[in-house]
Amino acid sequence: MTKPIVRFAPSPTGLIHIGNARTALLNALFARREGGSFILRFDDTDLERSRQEYIDAITVDLGWLGIEPARVEYQSKRFGIYDEVAERLRKAGLLYACYETAEELEMRRRRQLARGLPPVYDRAALKLADEDRKDLEAQGRRPHWRFKLDHRVVTWNDLIRGECKVDCASLSDPVLIREDGTYLYTLPSVTDDADMGVTHIIRGEDHVTNTAVQVQIFEALGADVPVFGHHNLLTTARGEGLSKRLGHLSLSSLREDGMEPMAVASLAVLVGSAEAVRAIPTLDELAALIDFSHISRAPAKFDEHELEHLNARLVHEMPYAVAEARLKALSIEGGEDFWLAVRTNLVRLPQAREWWDVVNGPITPVIENPDFIAKAAAVLPEAPWDTTIWKQWTEAVKAETGAKGKDLFMPLRLAVTGVGHGPELAALLPLIGRDKTLQRLSGKKA
Ligand code: GLU
């Protein structure tokens, strides 16, 4: 295969969510695996709604996932190119001026429906003479511009959906330029895909209906038609679409919530495919699992509990070298011994902070039976301490008091850590150290 050139083309009008991450990752990982290149293209032709803050946020989110674009483009800087392409299409008789108002079009649509006809634009504007156009413009009407579709069947072999066919005679000629001269998404998108040599367009199936029109525009421009792949969309567990307004599923809120990028990436890529959803530790390994023909046609449900589960798996197995910088950023100084002691108790890495606070103190000891704890304190082994101290100590306490099982361990844990659950005390005790343990056993905050 020639090296693929792919793109992810968000409109920077909101934060991106895990469903957008699915599109971005399918493109970026496919390019990575095949030695191709990945373009990040901001579809920011809507100057009113596009914001720099979203451009920045999307860049940060993709960087967090580990996606580094080979090229970044902004449609807002390319209006001159779109104007030239529009002019070419006009000259070829493929882009024509229409003057109907939205109300007129709506009335016509209703009439067609009432007569049992498909509500397709009737191309009335094509019949206008130059004089008619002048009159309309003299009345202050501005044209919008439609692409004249060739009324034939367009077929493409979708990477994910297989053979697709659309009879373009059943479609209205699409509006490419609005009355105020602004572009709808179609023309800039095809122009850029052609200009940037995009070989594969992998995107959500909400765009499947645009494809036949786009194929015709590629052909009208004399460009190679890319390969298309339309993937299923992620929905919430209740089956609702993920919208940009669903803030808590935005990548930035998942990140702030302490989620691992590879947990998000693993779920975003593997859900709704033939692969079992599981935590994959690296992007290269995840890239190896992508198989477009194995992506399901049914919507894929995004389940937050599944994400937590994947996240926990990654954290439980995370080597210290991977966690180190992030632990330091959380002011956790316990080093590798601390990390290995607590990681299997975490769902999210930042929760390590709670256990660091327990180790480092001060905590308030919980002592329900002071006599028992005083006896335990009396047999606390001498320093130096290592991971065998817990066993030595509990055996000594058992010999002294006769307590065993939970009655032995729980009061000690409550006194030494202030809580009734947590990582193995064998690992925590040497980290807490003898002096602090002794203070806690005497009931002092330490
Ligand atoms: N800006 C479009 C979107 O966000 C891109 C669609 C496409 O990939 O062609 O939906």
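For the reader, a short list of remarks on this structure follows.
- Total residues in region 45-60, condition within 13 Å of the ligand (Cβ to nearest atom) and either buried (at least 22 other Cβ atoms within 10 Å of the Cβ) or within 13 Å of the chain's Cα centre (by Cα) (or both): 1
- Any hit, region 30-38, residues being surrounded by 23 or more Cβ atoms within 10 Å (Cβ to Cβ), within 25 Å of GLY272 (Cβ to Cβ) and within 9 Å of the ligand (Cβ to nearest atom): no
- Single unsatisfied condition, LEU234 versus (1) out of contact with any helix residue (DSSP H, G or I) (no Cβ under 6 Å at 6 or more places or on another chain); (2) within 20 Å of PHE8 (Cβ to Cβ); (3) at pLDDT below 95: (1)
- Test result for ALA9, small (Gly, Ala, Ser) and under 17 Å from SER266 (Cα atoms): no
- Some residue of region 380-389 being assigned to a helix (DSSP H, G or I) and either loosely packed, with under 12 Cβ neighbours inside 10 Å or at positive phi (or both): no
- Residue that is farthest from LEU441 (Cα to Cα), among those in region 412-427 that are touching a residue at least 40 places away in the same chain (Cβ under 8 Å) and in a helix (DSSP H, G or I): ALA427
- Count of region 185-202 residues, restricted to those that are farther than 20 Å from ALA28 by Cα and touching a strand residue (DSSP E or B) at 6+ places or on another chain (Cβ under 6 Å), is 2.
- Test: residue in region 120-140 that is charged (D, E, K, R), surrounded by fewer than 18 Cβ atoms within 10 Å (Cβ to Cβ) and within 28 Å of ASP43 (Cβ to Cβ): no
- Test: residue in region 289-312 that is touching a helix residue (DSSP H, G or I) at 6+ places or on another chain (Cβ under 8 Å) and loosely packed, with under 14 Cβ neighbours inside 10 Å: no
- The single condition from (1) surrounded by 16 or more Cβ atoms within 10 Å (Cβ to Cβ); (2) at positive phi that TRP156 fails is (2).
The values are calculated or read from the model by the stated rules, or taken from the named source; none is laboratory data. Keep in mind that what you see is a predicted model, and the values were worked out from it rather than measured. Please note: Cβ atoms are built from the backbone with ideal geometry, for glycine as well, and neighbour counts cover all protein chains shown.
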